[in-house]
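Here is the structure we will look at, set down as structure tokens.
The values are calculated or read from the model by the stated rules, or taken from the named source; none is laboratory data. It should be emphasised that the depicted structure is a prediction, and the values quoted were computed from it without experimental measurement. So basically every Cβ, Gly included, is an ideal-geometry build from the backbone, and we count neighbours across all protein chains shown.
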Amino acid sequence: MLKDRGNKKWTALMLPEHVRELRKMAKELNKVPQRAIDEQQLEEFERILNEAIEYKQSVTIYFWDNGEVYFVYGVIQAVNVYRKEIKVLQENEDAAIVSLIRIIDISLH
């Protein structure tokens, strides 16, 4: 059976600028548009946040940033209503700050 080297055999013929542009284009194609959150989801997020704060439960917060979805896992340490941010204390004792308007999902653990 003949083994093909795939893209490896062609990258030697490509200029570094071309490779860079192709990677940039692939990254742009993988970007996710920010979802609109409806009123019912906002109420559910508020309920979960209140329960997590009251009982000091761990949460996973999924958020959108510049076309990509990330997540943070930890205990909510503070909510800043004026700046619209949540401060989450992660297991490794680092604090992550998540903007409320970028949240796309929250779940309790």
Residue ID - surrounded by the most Cβ atoms within 10 Å (Cβ to Cβ), chosen from residues in the range 27-43 that are of a type in the set (D, E, K, R) and under 14 Å from Asn66 (Cβ atoms): Lys27
Complete set of residues in the range 29-65 that are farther than 18 Å from Ser99 by Cβ and aliphatic (A, V, I, L, M): Leu29
Check off (1) in a loop (DSSP other than H, G, I, E, B); (2) in contact (Cβ under 8 Å) with a residue 60 or more places away in the chain for Ala36 and give me the number that stays unchecked. (2)
Scanning the range 46-79 for residues that are surrounded by fewer than 17 Cβ atoms within 10 Å (Cβ to Cβ) and of a type in the set (Phe, Trp, Tyr) gives Tyr55, Tyr62, Tyr70, Phe71, Tyr73
Just one of Val59, Val81 is aliphatic (A, V, I, L, M) and at pLDDT 95 or above; which is it? Val59
